[in-house]
Amino acid sequence: MLNILITGANGFIGSFLVEEAIRRNWQTWAGIRQSSSLVYLQDPRIHFIDLDYAHKDQLKKQILAHAARYGSWDYVIHNAGVTKCLDSSDFNHINYFFTKQLIEALQETGQTPKKFVLMSSLSAHCCEGDTAYGRSKLKAEHFLRSQSNFPFIILCPTGVYGPREKDYYLLLKTIQKGLDITVGFEPQKLSFIYVKDLVKAVYLSLDRPVENRTYLVSDGQVYSDREYTEIAKNALGKKRVLSMRIPLFALKIISIVAEDFSRFRGQVSTLNRDKYRIMAQRDWSCDTRPLHAELGFEADYDLQHGIEESVRWYRENSWL
């Protein structure tokens, strides 16, 4: 039986990654914090571990103790990270430094896995490196590529959506209420990946005899912001919505005010300076040809199919 560690297992993407490992009957270790919600990790076959990424000596002790008792991890999917922070320096600390600590601890304990998958982001390769989030992910990528004799795959998904996801859910909720808010007067080119298709790509990267490669991940299509709205309207059964376009300069002001106000209250704001730069980016298309050619990946869901399934889940679980 293969042994796998999935960090960030309690999150939106992580919980789906765990489900696939369990489906494959792998010994599945879910890396979580003690305070994490386990609402989507209820299968009794899941094993839990709380790794101390902040202190490498302690982390190494944990890895060695685990290996002695349960055996080494054949695969590690490092999915842990943050997409929004109260302090922008936390992006670097969590997305880069914690990744570096884990990689070094695995190497220094002689527990290098057969393959290490780093879940990065298309944001590391777009926005001209102009977001703290994207820079932290790119820094982690650069560190991983600098390692020798450490087999890895880096996956950089575009916008990930699906059941349990909360940011695109807010857009659907707004459209459900009859309001369509888009940003900027220049149309946006958008790309998406349904969470189940992302999981498919991750496990293909483990199954196929490829390593030390970086792949951009999307469903292979490009959509306009208007197309997204029309698909969402149809899935929600909304015939008419009030459409509003917010100028970028207005969004920037709103984002700054929202971030500063939330910081004053000690809360993390969904809308902030980093998010503004991401929303201001006009072109989120990406080249997925290497993903198809080398991993044999083909998306099972286009945006319409994925949103329809997401809406059903949100309604069945009383989110919409």
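Where helices (runs of 4 or more DSSP H) fall entirely within the range 197-289, none has at least 3 residues that are basic (Lys, Arg), in contact with a His (Cβ under 9 Å, 6 or more places away or on another chain) and open to solvent by less than 40 Å² (accessible area, probe 1.4 Å).
Scanning the range 166-201 for residues that are of a type in the set (D, E, K, R) and under 14 Å from Glu308 (Cα atoms) yields a count of 2.
Arg145 passes every criterion in (1) more than 30 Å from Glu211 (Cβ to Cβ); (2) open to solvent by 40 Å² or more (accessible area, probe 1.4 Å); (3) touching a residue at least 24 places away in the same chain (Cβ under 8 Å) apart from (1). All of Leu5, Leu38 fail the test of being among the hydrophobic types (A, V, I, L, M, F, W, C), at negative phi and crowded, with 22+ Cβ neighbours inside 10 Å, apart from Leu5. Within the range 68-81, which residues are of a type in the set (Gly, Ala, Ser) and surrounded by fewer than 16 Cβ atoms within 10 Å (Cβ to Cβ)? If the condition is that a residue be of a type in the set (Gly, Ala, Ser) and surrounded by fewer than 16 Cβ atoms within 10 Å (Cβ to Cβ), then Ala68, Gly71 are the ones that fit. Within the range 184-196, the set of residues being buried (at least 17 other Cβ atoms within 10 Å of the Cβ) and in contact with a strand residue (DSSP E or B) (Cβ under 8 Å, 6 or more places away or on another chain) comprises Gly184, Gln188, Leu190, Ser191, Phe192, Ile193, Tyr194, Val195.
Return a yes/no flag: does the range 49-61 have any residue that is over 20 Å from the mean Cα position of the chain (by Cα) and surrounded by 18 or more Cβ atoms within 10 Å (Cβ to Cβ). The answer is yes; a qualifying residue exists. Would you check if Gly129 is modelled with pLDDT of 95 or more, touching a Lys or Arg at 6+ places or on another chain (Cβ under 7 Å), within 26 Å of Cys85 (Cβ to Cβ) and not hydrophobic (A, V, I, L, M, F, W, C)? No, not satisfied.
The conditions of being out of contact with any helix residue (DSSP H, G or I) (no Cβ under 8 Å at 6 or more places or on another chain) and at pLDDT below 95 are met by Asp225. Pairing each residue of the range 203-223 that is under 22 Å from Gly159 (Cα atoms) with any residue that is open to solvent by 80 Å² or more (accessible area, probe 1.4 Å) and modelled with pLDDT under 95, provided the two are 6+ apart or on different chains, yields C-beta distances under 6 Å for Val222/Lys189.
Matching residues to (1) of a type in the set (Lys, Arg); (2) free of Cβ contacts under 8 Å to residues at least 60 places away in the same chain; (3) within 24 Å of Leu2 (Cβ to Cβ):
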site	(1), (2), (3)
Tyr70	no, no, yes
Tyr75	no, no, yes
Leu86	no, no, no
Phe98	no, yes, no
Glu108	no, yes, yes
Lys114	yes, yes, yes
Ala124	no, yes, no
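In the range 145-165, of all residues being out of contact with any Lys or Arg (no Cβ under 7 Å at 6 or more places or on another chain) and aliphatic (A, V, I, L, M), the one that is farthest from Glu294 (Cα to Cα) corresponds to Val160. Go through the residues of the range 151-168 one by one and say whether even a single one is open to solvent by 10 Å² or more (accessible area, probe 1.4 Å) and without any contact (Cβ under 8 Å) to a residue 12 or more places away in the chain. The answer is no; no qualifying residue exists. The set of residues in the range 163-178 being at pLDDT below 95, at positive phi and touching a Ser or Thr at 6+ places or on another chain (Cβ under 8 Å) is empty.
The values are calculated or read from the model by the stated rules, or taken from the named source; none is laboratory data. Note that the coordinates shown come from a computational prediction; the quantities given were computed from them, not determined experimentally. Note that we place each Cβ from the backbone using ideal geometry, even for glycine, and neighbour counts take in every protein chain shown. Each accessible area value is taken on the protein alone, full model and side chains, heavy atoms only, with ligands, DNA and RNA left out. Shrake-Rupley method; radii C 1.70, N 1.55, O 1.52, S 1.80 Å.
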